Structure formats: structure tokens, C-alpha cells
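What follows is a short report on a single structure.
The values are calculated or read from the model by the stated rules, or taken from the named source; none is laboratory data. Computed from a prediction, not measured in an experiment: that's the story for all the values here. Quick reminder, even Gly has a Cβ in these numbers, built from the backbone with ideal geometry, and neighbours come from all protein chains shown.
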Amino acid sequence: MTSPTPVHYLSTLSFPDWWLDELRARHPRLTVTQVPAVSPADVPAEVWGRTQILHTGAVFPAAPDTAPDLRWIQLDTSGADHLKDTGVWDLPVPLTSIGGISPVPMAEYVMMMLLGLAHRLPRAVEVQHGGTWPSPSERWNTLMPRRLRGATVGVVGYGRIGREIGRLAGQFGMTVLGLKRGRATRTGEFFGTPAADPAETTELYTPDELHAFLGRCDYLVVTCPLTDETRGMIDAAALDALKDGAMVVNVSRGGIVDEHALRAGLRSGRIAGAALDVFDEEPLPAGHQWWNEPGVILTPHVAGFAPDYEEQTLELVSANVERFLEDRELINLVDRSRGY
């Protein structure tokens with residue numbers, strides 16, 4: 001009996017040896033190659049030529065004939081917006097994401113930021129760095145926390161991540177509103193544990209109801225994917241629709257929230273604070289206004305970091321390799337018509 005035809009897998013990432021060895025052990029038919037790369041030129045032409053499965057973040061063949069046998073791209077990102085205007089988007093191969101790895105740490109990050117904003121963390125850090133104990137009136141007037149219990153948080157993008165945020169916020173006694181593209185759940189198979197069920201009291205809105213939704217928000221959390229529909233969604237008019245003194249947390253992608261309008265709202269006092277993990281320009285340049293904007297907690301696009309990323313990614317990739325070899329539908333398929 002002849003051996004099954006080998007299938008060639010290429011990682012342009014930097015997984016440790018144990019990870020690659022485990023993938024080989026689970027799938028003996030797989031020929032595993034890893035070439036850590038920052039550009040297509042870093043991968044030898046002969047490797048591109050035999051690659052059938054490509055696992056990458058942002059390194060793709062320079063042209064279709066560079067990888068003529070390519071049959072599937074496993075992204076090492078949860079979104080696919082960085083591919084929308086590239087030739088990769090039009091390749092006749094399925095794209096899959098690593099969605100499902102980050103909902104729990106991202107929801108925890110959001111709750112940390114909601115608590116930090118409510119308890120005046122930016123001001124508390126200013127006091128610490130100033131090295132002077134504030135007067136009783138300063139403490140009372142600038143460090144008095146806002147309540148979370150009984151406040152309303154609106155989550156733009158009420159999918160797996162949004163629902164986990166809603167679950168945690170509900171534990172703090174918050175009223176949760178969700179805004180999503182459609183009230184029906186997206187079809188398809190996804191990685192990881194099932195998305196948390198929204199609380200029975202969660203009210204769902206659709207994008208055409210955006211301003212009514214925003215008008216109820218004491219806190220706004222943005223966690224939707226960047227698509228043609230969501231680009232610029234939270235513009236000046238949307239921010240003006242928020243309750244006076246609302247606070248904003250953005251863990252989605254740069255381009256969804258109008259940064260100039262948000263900064264203007266913060267400086268006018270209409271928006272009382274913000275926590276930002278994503279920006280129009282990344283990396284955020286040294287000296288950029290956001291670094292020292294009062295009332296803002298800033299982090300360098302880390303909300304989705306998962307402490308067991310390698311283990312979870314191995315499980316996802318291994319499950320998808322098995323499906324690929326058996327010609328079954330892959331997990332976390334990117335829907336090109338939706339953009340994610």
C-alpha cells in the first residue's frame with residue numbers, strides 16, 4: 001500500500017519546537033515547515049512553491065503563481081480587515097481566523113478598564129506621579145468614583161467577545177445593551193467554548209438604531225470588526241448622541257471611532273474618560289497627542305493577548321488540519337461578504 005500524499009504546511013510565525021513537533025505527531029501526513037518571516041522574500045521560492053497550507057499573520061505570497069498549490073490560509077489574527085484591499089482577499093482559497101482564543105482575556109481587559117475609568121485611575125496615576133498628597137477637597141472632587149452598579153454599558157459588536165463582556169458586566173449589576181449587525185446569530189462553526197449567553201435582560205439593537213442605543217449609554221464599549229459598514233461608525237454625531245459624561249472603551253480596530261471627535265469630546269467634558277487599545281495609526285508615534293491626553297488610559301494593542309495562546313492555537317490549527325485532510329468545512333471561516 002502506498003503512503004498518503006504529504007500535505008505541505010508553512011508557518012511564517014515563530015512557534016517553539018514543541019508546538020511544531022506536536023503538530024507533526026498529530027498529523028503524520030503533514031510536512032511542517034516554519035520560516036519566521038516579515039516579508040514574502042524571507043521565504044525561499046521552493047518553500048512557497050510547495051506550500052498548500054499557509055499559517056501566517058501578515059506574510060503572503062507576492063503573486064498567485066508564487067504559491068500555485070496554496071489551498072488554505074490560516075490567519076494568526078482574529079480579524080481579516082488587513083487583507084480587504086489586497087490580492088490575498090481575492091485568492092480562491094478559504095481564509096480562517098483564530099477567533100475564539102481571545103474573548104475571555106479581552107472581556108477581562110474591558111472590565112478592568114471600566115473599573116479603572118469609574119474609579120478615576122487616570123487621575124490617581126497623575127497624583128502618584130505628582131508626588132504630593134491632595135487636599136481633602138481635591139480628593140473628594142477628583143477621585144470620587146462613578147458607580148457601575150445600575151449604570152448602562154452599551155457593547156457595539158455583540159458577538160462572542162461582546163457577550164462575554166455582557167456576562168461580566170452583568171455580574172457587576174450593570175444594565176447591558178448590545179448592538180450587532182443582525183439579531184440572528186451568525187451561522188458557521190467557531191473555535192473555543194460556546195459564547196456566553198447574554199443575560200435575559202440584555203436588549204439588542206441593530207445599526208440603524210445606533211443613536212437611540214448610544215443615548216442610553218453611561219459607558220460605551222466598541223469591539224466590532226472593522227468592515228466597510230463599521231468604518232467611521234462612531235463618528236462625531238454618534239459621540240454626541242452619548243449621554244453627557246459617558247466613558248468610552250475601544251478594543252476593536254482603529255478606524256471605527258473618529259479619534260478627532262473623541263479627543264474633542266474629552267476636551268469639552270462631554271466625554272468623561274476613555275480607554276484605548278487601538279488607534280488609526282499603529283504603532284502610535286512617539287509624541288502623539290494620545291500619549292498624554294488627560295482622562296485617557298492607553299495600551300499598545302494588547303487587549304486580545306491570551307496567556308495560553310500557543311496551546312489554544314495548536315488545538316485550533318490541529319482541528320482545522322484534520323478537517324482539511326478530511327475535506328470538511330473549516331472552523332472560523334472568514335465570510336468575505338461580511339468582511340470578517
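Quick notes on this one:
- Of everything in the stretch 134-176 that is under 25 Å from the mean Cα position of the chain (by Cα) and of a type in the set (Phe, Trp, Tyr), the residue that is surrounded by the fewest Cβ atoms within 10 Å (Cβ to Cβ) is Phe172.
- Residue in the stretch 24-40 that is modelled with pLDDT of 95 or more, among the hydroxyl-bearing types (Ser, Thr, Tyr) and under 12 Å from Gln52 (Cβ atoms) present: yes
- Filtering the stretch 82-100 to residues that are among the polar types (S, T, N, Q) and surrounded by 14 or more Cβ atoms within 10 Å (Cβ to Cβ) leaves Thr96, Ser97.
- Among (1) free of Cβ contacts under 8 Å to residues at least 40 places away in the same chain; (2) more than 18 Å from Ala80 (Cα to Cα); (3) part of a loop (DSSP other than H, G, I, E, B), the one test that His301 misses: (2)
- Checking every residue in the stretch 107-115 against the condition of being touching a Gly at 6+ places or on another chain (Cβ under 9 Å) and assigned by TED's automatic domain parsing to the domain that holds Cys224 gives at least one match.
- Filtering the stretch 153-201 to residues that are of a type in the set (Val, Ile, Thr), closer than 17 Å to Cys217 by Cβ and at pLDDT below 95 leaves only Thr201.
- Condition met for Tyr109 (surrounded by 20 or more Cβ atoms within 10 Å (Cβ to Cβ) and out of contact with any helix residue (DSSP H, G or I) (no Cβ under 9 Å at 6 or more places or on another chain)): yes
- Test: residue in the stretch 62-79 that is farther than 27 Å from Arg328 by Cβ and touching a Phe, Trp or Tyr at 6+ places or on another chain (Cβ under 9 Å): yes
- Subset of the stretch 56-111 [polar (S, T, N, Q), assigned to a loop (DSSP other than H, G, I, E, B) and either farther than 30 Å from Val156 by Cα or in contact (Cβ under 8 Å) with a residue 60 or more places away in the chain (or both)]: Ser78, Ser97, Ser102
- Only listed residue being part of a loop (DSSP other than H, G, I, E, B) and touching a residue at least 60 places away in the same chain (Cβ under 8 Å), chosen from Asp335, Asp280, Asp327: Asp335
- Qualifying residue in the stretch 261-278 (condition: among the charged types (D, E, K, R), farther than 20 Å from Met111 by Cβ and touching a Ser or Thr at 6+ places or on another chain (Cβ under 7 Å)): no
- Filter result for Gly79 (in the same structural domain as Leu314 (by TED's automatic domain parsing) and surrounded by fewer than 19 Cβ atoms within 10 Å (Cβ to Cβ)): no
- Some residue of the stretch 75-83 being under 18 Å from Leu13 (Cβ atoms), modelled with pLDDT of 95 or more and not hydrophobic (A, V, I, L, M, F, W, C): yes
- Selection within the stretch 304-324 - without any contact (Cβ under 8 Å) to a residue 40 or more places away in the chain and over 20 Å from the mean Cα position of the chain (by Cα): Arg323
- Whichever residue in the stretch 35-60 is within 26 Å of the chain's Cα centre (by Cα) and crowded, with 18+ Cβ neighbours inside 10 Å and, among such residues, is nearest to Leu325 (Cα to Cα): Ile53
- Selection within the stretch 271-325 - under 21 Å from Val249 (Cβ atoms), aromatic (Phe, Trp, Tyr) and either surrounded by fewer than 17 Cβ atoms within 10 Å (Cβ to Cβ) or not assigned by TED's automatic domain parsing to the domain that holds Ala107 (or both): Trp291, Phe305
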